[in-house]
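Notes to accompany the following structure.
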Amino acid sequence: MRAFRHSPLAVALAAGLMLVAPHAALAQAGAGAGASSSTPGICSGGGCVPRADCQSGATLCSPFPEHPAYDPNVEFRKGAAALKAGDFKLAQVEFGKVLYLAPTNADVLYALGVADVGLGDLAGGADAFTRALKWNPKQILAARELAITDLKLGQADKASLQLAALKTRAAKCGDACREAADLKDAIAAIETAQARMDHS
């Protein structure tokens, strides 16, 4: 099993991620309550959390008849531990549970994208990273991983757009701002990936 190399995920854990309260999240996701359980998704035990859009751009919908008895913060930590151990399938399941309760949490969407890519699902990873940026356009890690994943998918133009946006942010940020190092690292990672693709 491949080692988990996306150590920046620890940033989300260290930040003391606080997710949407379960009941509030259920009310927020109510538009997708009628989703079919046959929708392709992430299944665990007796329930399935479909990945497909339901309506009005909803991230997830679920056929669970009642509020599941789990804590999203606990499930997120389980997912993060699974990622670090290289168990991408388990990570996918755990993050799917969290996203049922907090479908717009950009940190969890980023983590799900990492799990997807780890399983070889590049399209799923790109989708998750894109959703993360939808809810938090400033998330550097998601922008970096989206660009690298787009390169692997043969979508160099999309990757170049992400790189250009990060370079613009870095120029405005300068060397003194809090995000300077993260922006430089992201830009370097994308440019390295571009160079590898050019020579492949």
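The values are calculated or read from the model by the stated rules, or taken from the named source; none is laboratory data. The structure displayed is predicted, hence computed values, not measured ones. Here Cβ is always computed from backbone atoms with ideal geometry, including for glycine, and neighbour counts include all displayed protein chains.
Data for the structure
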| quantity | calculated |
| --- | --- |
| Among (1) within 16 Å of Gln139 (Cβ to Cβ); (2) crowded, with 24+ Cβ neighbours inside 10 Å - the single one Ala106 does not satisfy | (2) |
| Boolean, Lys158 is within 17 Å of Thr130 (Cβ to Cβ), at pLDDT 95 or above and in a helix (DSSP H, G or I) | yes |
| Boolean, Ala189 is touching a residue at least 24 places away in the same chain (Cβ under 8 Å) and buried (at least 19 other Cβ atoms within 10 Å of the Cβ) | no |
| Options Lys172, Lys167; residue that is over 30 Å from Pro72 (Cβ atoms) and either modelled with pLDDT of 95 or more or in contact with a Lys or Arg (Cβ under 8 Å, 6 or more places away or on another chain) (or both) | Lys167 |
| Matching residues in segment 167-200 - criterion: being within 21 Å of the chain's Cα centre (by Cα) and within 17 Å of Ala126 (Cα to Cα) | Ala186, Ala189, Ile190, Ala193 |
| Condition met for Glu94 (loosely packed, with under 15 Cβ neighbours inside 10 Å and either outside the structural domain of Gln155 (by TED's automatic domain parsing) or at pLDDT below 90 (or both)) | no |
| Search result, residues across segment 103-134 that are hydrophobic (A, V, I, L, M, F, W, C) and in contact (Cβ under 8 Å) with a residue 40 or more places away in the chain | Val108, Leu109, Ala111, Val114 |
| Residue check for Gly154: surrounded by fewer than 22 Cβ atoms within 10 Å (Cβ to Cβ), within 20 Å of Gln92 (Cα to Cα) and either touching a Lys or Arg at 6+ places or on another chain (Cβ under 6 Å) or not acidic (Asp, Glu) (or both) | no |
| One residue from Gly120, Gly86, Gly79, Gly113 being surrounded by fewer than 19 Cβ atoms within 10 Å (Cβ to Cβ) and touching a Phe, Trp or Tyr at 6+ places or on another chain (Cβ under 6 Å) | Gly86 |
| Failed condition for Pro103, given (1) farther than 29 Å from Asn73 by Cβ; (2) within 17 Å of the chain's Cα centre (by Cα); (3) part of a loop (DSSP other than H, G, I, E, B); (4) not aromatic (Phe, Trp, Tyr) | (1) |
